[in-house]
Number of protein chains: 2
Amino acid sequence: MSYERIRLESLKDKVMTAEQAALLINNGMVVGSSGFTKAGDSKAVLPAFASRAKSENIKITLMTGASLGHDTDGKLAEAGALSKRMPFQVDRTLRNKINAGEVLFIDQHLSESAELLHNKNLPPVDIAVIEVAYIDRDGSIVPTTSVGNSVTFAALAKQVILEINTAVSEDVYGIHDIYQAEDYPYRNVIPIVAPWNKIGRKTIPLDPSKVAGIVFTNMLDSPADIAAADPKTTAIAKHILAFFENEVLLGHLTDRLLPIQAGIGKVANAVLMGFKDSNFYDLTMFSEVLQDSTFDLIDAGKLSFASASSVTVSADCYQRVFGNLQKYRDKFVLRPQNISNTPGLIRRLGIIAINTAIEFDIYGNVNSTHISGSKIMNGIGGSGDFARNAYLSIFVTQAASKENVISHVLPMVSHVDHTEHDVDILVTDVGLADLRGLAPRERAQKIIDNCVHPDYKEQLQSYFNRACERGGHTPHVLEEAFSWHLRLADTGTMKK
Amino acid sequence: MSYERIRLESLKDKVMTAEQAALLINNGMVVGSSGFTKAGDSKAVLPAFASRAKSENIKITLMTGASLGHDTDGKLAEAGALSKRMPFQVDRTLRNKINAGEVLFIDQHLSESAELLHNKNLPPVDIAVIEVAYIDRDGSIVPTTSVGNSVTFAALAKQVILEINTAVSEDVYGIHDIYQAEDYPYRNVIPIVAPWNKIGRKTIPLDPSKVAGIVFTNMLDSPADIAAADPKTTAIAKHILAFFENEVLLGHLTDRLLPIQAGIGKVANAVLMGFKDSNFYDLTMFSEVLQDSTFDLIDAGKLSFASASSVTVSADCYQRVFGNLQKYRDKFVLRPQNISNTPGLIRRLGIIAINTAIEFDIYGNVNSTHISGSKIMNGIGGSGDFARNAYLSIFVTQAASKENVISHVLPMVSHVDHTEHDVDILVTDVGLADLRGLAPRERAQKIIDNCVHPDYKEQLQSYFNRACERGGHTPHVLEEAFSWHLRLADTGTMKK
């Protein structure tokens with residue numbers, strides 16, 4: 001135990017085991033937990049609660065920042081411990097339970113959960129579980145590798161359990177910028193005009209009388225799985241880089257570009273790594289998650305500053321960054337997700353947003369979440385916060401997959417997360433479609449010309465031509481709109 | 001002629017006829033025009049251009065604030081004068097041309113057109129046509145009954161034609177709050193924290209050397225058609241008022257509510273008129289268009305202040321407001337639409353947004369624009385700006401129409417403008433569904449229970465039940481999803 005990490009004397013008698021803390025979480029409670037894309041999640045109390053829930057048949061509503069690390073969501077789902085879950089998840093077991101209707105999932109824009117809680121549009125939080133590096137002398141807390149919704153949970157929860165993770169250096173003090181509106185729904189200006197602006201405190205305010213338990217842990221975040229670039233992601237990255245270079249030639253952008261948001265995963269990593277050997281310089285990020293590529297670009301002298309809500313990196317990169325915070329601490333900042341993702345800042349700062357689609361259609365509507373209209377994969381995450389308000393909204397996906405029996409460019413998407421109003425640029429490994437200033441019929445032809453896999457080009461052109469014969473601003477053959485999805489289910493391929 | 005309305009001496013020799021001004025608009029030009037929902041539009045130059053275009057076979061791209069008054073859009077469409085039109089329209093002739101593929105229409109979030117122009121994501125504006133009350137001594141201009149995108153057009157257009165409308169009193173000076181970011185894409189804070197904050201100038205800056213022509217007109221805006229409340233709109237309004245009263249009882253809202261945005265049309269008018277005999281007081285609006293009901297509520301002492309981008313009222317109300325500006329001038333303000341509709345302010349101010357749907361589905365996805373997936377009616381307007389960022393996002397529609405052969409509550413909408421992530425409350429004349437905190441399967445049951453017309457209840461429940469048997473986070477029977485639309489086309493009714 002490292003009691004020196006509890007700098008407020010009166011809290012030292014709150015130390016307990018994870019199992020004891022798990023007993024504070026009762027059936028039917030709404031639990032708010034730290035954790036954003038594996039980073040800074042509860043590593044002891046929620047798993048201990050999963051064990052307890054299994055034997056006692058109790059269920060909770062669990063809200064987090066975003067996804068949790070390890071298999072915590074999986075353990076909770078497996079144990080039947082979740083009645084409701086929000087606002088994001090990526091766990092296979094949990095996903096199956098959601099699709100089976102056994103866990104109710106609310107798929108939320110990541111900027112909005114805190115708003116909804118403050119505005120009483122969601123039930124109140126009974127208890128919060130927050131990972132911290134240490135508790136300061138005034139009872140305020142220093143988060144670890146993410147901020148997520150922890151500021152809101154700390155403010156609104158009736159009780160709070162703190163997990164002090166001694167595997168995280170106390171040097172993380174100062175990498176967070178903690179700012180919240182103080183009098184919802186009456187809010188003031190958020191005075192950020194550049195990614196590097198710091199406008200808040202270094203610690204999360206917390207009323208010590210709400211602390212119901214303190215648990216010590218010593219365990220790093222689940223490391224990110226960094227998939228190597230493959231020919232498709234490399235091709236997508238190349239198309240995007242060439243597009244940026246042309247925008248500079250046209251005088252639309254400078255070699256500094258504008259602050260970049262990149263969704264998680266290998267495409268985002270590939271695009272960012274593409275900057276390494278480019279003429280771009282003094283780049284910045286205003287994003288939700290920082291991956292390995294962010295720190296690689298900082299090391300390469302290409303990226304000057306990155307703002308986000310979490311750091312989710314490989315084990316190697318974790319040591320490189322958090323073992324050398326004196327080197328990196330003025331290069332990045334972690335913010336609450338209702339600041340990192342807030343629409344007003346995304347529009348004000350002029351973000352270039354790059355996010356991943358599951359499928360898109362000829363008019364540029366994007367499905368980010370559902371397989372064949374019904375089954376969810378992960379969730380919308382922050383893609384909607386960024387796409388709607390970005391200076392440029394870019395979505396990427398592979399043109400076709402599974403030996404090309406699936407086309408990811410379709411007559412109509414089976415689920416809409418982003419409407420054509422919010423999508424500027426679409427990219428597949430085949431090519432890039434710049435949709436700015438185009439009406440739906442022009443968008444369709446450009447997408448067919450530039451993005452669709454050759455195996456599906458004729459078939460998609462035929463759909464579009466027949467739709468146009470029927471007329472309309474957004475021509476469709478409604479009885480055929482989902483025929484590609486249905487053919488895949490029936491015959492194993494979308495091909496005619 | 002009223003030359004005293006040209007207070008900058010050097011511009012007096014720019015006066016010409018509308019026909020002469022129309023000659024300044026050449027084939028292929030991008031034209032930016034004032035006008036927002038009938039208010040403050042070009043009443044002489046665009047109609048004169050329509051006549052010219054008809055005989056000379058020339059076409060332009062026309063951008064406005066929103067829809068135009070009289071039948072200007074219709075005349076332009078009829079004359080074949082439009083190759084492309086954005087960001088909104090409501091004209092029957094133009095709509096038919098758009099659906100026939102003869103005019104390319106870009107349906108845009110109303111807050112975004114100015115952003116896209118400033119950020120060079122749309123082609124540059126060649127010439128602007130702006131209605132003004134007068135030209136001030138410094139060459140800056142005083143708009144009339146709307147601001148729309150005129151500030152952006154004045155700043156970016158290479159040439160400007162001004163229409164001085166002498167039917168509008170010069171007393172309108174001071175009812176506008178003209179504020180723009182000055183160095184796109186690098187923007188500062190928009191310092192508005194309440195609807196009544198005025199942060200800008202009273203006139204639109206304009207470089208006098210860009211003025212290519214000045215035309216005098218003397219013609220009021222097309223009056224709004226105020227449809228009388230009918231039993232359905234009255235029922236919808238009653239459900240919404242009862243909901244607000246309950247939110248006050250629960251302590252979620254006070255009797256002042258929060259700033260209201262209301263879409264145009266009779267439902268919005270009916271809801272607002274419902275406040276007249278209620279306990280609500282000191283209400284405010286932060287909206288895009290002010291209708292008769294706004295001024296009725298001001299007169300009734302219920303509404304303290306209204307912010308918008310235009311005033312679109314009946315002929316009677318027009319005289320009442322603009323003939324008594326000394327009474328109303330501290331009660332409302334008109335702003336550029338990239339301020340009135342900007343996401344950051346909508347979130348900051350905690351707006352209650354009430355907009356109209358064409359149809360919605362069991363999961364709460366909303367179609368605001370398209371008939372049976374292909375044919376556009378009007379456009380998304382500002383509904384997306386408000387719905388995504390509002391404190392409460394409410395959509396209304398009738399449960400069924402045309403002797404109930406059409407249900408407006410459906411298995412799946414044929415076009416998505418607002419995803420379920422952005423919709424809190426759905427209302428029909430049958431009832432209200434509060435979807436806050438509900439997962440998709442819960443949303444579906446609540447919508448079926450509360451909103452659907454009795455003739456369709458069993459049919460919709462059957463769809464949902466069969467979808468749930470197949471599973472999924474958002475269960476659908478994909479091959480049946482559009483069967484209601486298809487049945488209507490085939491048999492004349494959506495009923496089985």
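Values quoted throughout were computed directly from the atomic coordinates according to the rules given, and no laboratory measurement underlies them. Remember, it's a predicted structure, so these values are computed and weren't measured experimentally. Cβ coordinates were reconstructed from backbone atoms using ideal geometry, including for glycine residues, and neighbour counts include every protein chain displayed.
Remark on residue B:59: its backbone amide H falls under 5 Å from those of B:28, a criterion applied only to residues 5 or more positions apart or on other chains, H modelled at 1.01 Å from N. Most simply put, the protein assembly as shown has about 25% antiparallel DSSP beta bridges, counting only bridges with both residues inside it. The tail of the calculated P(r) for the stretch A:176-286 beyond 17 Å holds 72 percent of all Cα-Cα pairs.
Annotation: amide H-H contacts under 5 Å for residue A:132 (H modelled 1.01 Å from N, sequence separation of 5 or more, or interchain): A:163, A:164, A:165. Remark: the stretch B:231-491 is approximated by an ellipsoid whose semi-axes, taken from the C-alpha gyration tensor as √(5λ), come to 34, 19, 17 Å, largest first.
When all alpha carbon pairs of chain B are counted in 20 Å bins from zero, the resulting P(r) reads 24, 54, 21, 1 %.
Does a label point 7 Å from the Cα of residue B:242, set along Cα-to-beta-carbon, have any residues of the stretch B:431-450 with amide nitrogen under 17 Å, and which are they? Hits in the stretch B:431-450 for residue B:242 at 17 Å: B:431-435, B:446-450. Across chain B, C-alpha contacts under 8 Å between residues 6 or more apart give a mean separation that, scaled by the residue count, equals a relative contact order of 14 percent. Span-like helix check, chain B: no full DSSP H segment qualifies, none having both a Cα axial length of 30 Å or more and a mean Kyte-Doolittle of -1.0 or more. Sparse packing (at most 10 other Cβ atoms within 10 Å of the Cβ) combined with a DSSP loop state is found for the following GluC sites (Glu not before Pro) in the stretch A:163-201: A:182. Sorted fewest first by neighbouring Cβ atoms within 10 angstrom, A:136, A:73, A:449 come out as A:449, A:136, A:73. Mean sequence separation of contacting Cα pairs (under 8 Å, at least six apart), scaled by the length of the stretch B:155-270, corresponds to a relative contact order of 32 percent.
At R0 = 25 Å, how high is the FRET efficiency between residue A:102 and residue A:26 if r is their beta carbon distance? Nearest 0.05 is fine.
0.75
Kirkwood analysis of the Cα pair distances in the stretch B:1-61 returns a hydrodynamic radius of 13.1 Å. Cross-link partners for residue A:446 among the aspartates and glutamates, with Cα-Cα distance under 13 Å and sequence neighbours closer than 8 places in the same chain left out: A:361, A:424, A:434. For the pair residue A:92 and residue A:449, a Förster radius of 30 Å applied to the C-beta separation gives a FRET efficiency near 0.20, rounded to the nearest 0.05.
Charged side chains reduced to their Cβ positions (Lys and Arg at +1, Asp and Glu at -1) give chain B a dipole of some 420 debye around its Cα centre.
By the equivalent-ellipsoid construction on the alpha carbon gyration tensor, the stretch B:3-217 comes out with semi-axes of 26, 21, 15 Å, ordered largest to smallest. Taking the charge dipole of the stretch B:3-217 about its Cα centre, with +1 at Lys and Arg Cβ atoms and -1 at Asp and Glu Cβ atoms, the residue from B:60, B:42, B:179 reaching farthest to the positive side is B:60. Between residue B:276 and residue A:487, the simple spin-label model (points 7 angstrom out along Cα→Cβ) gives 5.8 nm.
Cβ-to-Cβ counts within 10 Å put B:487, A:348 in ascending order as B:487, A:348, the fewest first. I want the local charge near residue A:127. Using Cβ-Cβ distances under 12 Å, sum +1 for each Lys or Arg and -1 for each Asp or Glu among the other residues. Combined, the nearby Lys, Arg, Asp and Glu give +1.
Applying the criteria of a DSSP loop state and at most 16 other Cβ atoms within 10 Å to the trypsin sites (Lys or Arg not before Pro) of the stretch B:264-315 yields no site.
Remark: the stretch A:113-269 carries a charge dipole of roughly 240 debye about the Cα centre, counting +1 on each Lys and Arg Cβ and -1 on each Asp and Glu Cβ.
The residue among A:378, A:398, A:303 whose Cα reaches farthest toward the positive pole of the charge dipole of the stretch A:231-491, with charges on the beta-carbon of Lys, Arg, Asp and Glu, is A:303. Between residue A:52 and residue A:325, residue separation times 0.36 nm minus the direct Cα-Cα distance comes to 94.5 nm.
Based solely on its DSSP helices, what 222 nm [θ] is calculated for chain B when runs of n ≥ 4 H residues each add -39,500 (n - 2.57) and the sum is averaged over all residues, nearest 500 deg cm²/dmol? Per the formula, -8500 deg cm²/dmol. Pairs spanning more than 23 Å between alpha-carbon atoms, out of A:266/A:327; B:198/B:327; B:120/B:158; A:457/B:120: A:266/A:327; A:457/B:120. Here the contact order of the stretch B:3-217, divided by its residue count and restricted to Cα pairs under 8 Å and six or more residues apart, works out to 25 percent. Projected onto their three principal axes, the Cα atoms of the protein assembly as shown cover extents of 88, 64, 60 Å, largest first.
Ranking B:478, B:456, A:189 by how far each Cα lies toward the positive end of the dipole of the protein assembly as shown (charges on Cβ) leaves A:189 at the top.
With a cut-off of at most 13 other beta carbons within 10 Å, and DSSP calling the residue loop, which GluC sites (Glu not before Pro) in the stretch A:372-472 qualify? Please list them. Here the sparse-neighbourhood loop sites are A:403.
Modelled label positions at residue B:199 and residue A:13, each set 7 Å beyond Cα in the direction of Cβ, lie 5.1 nm from each other.
Of B:412, B:16, the sequence from fewest to most neighbouring Cβ atoms within 10 angstrom is B:16, B:412.
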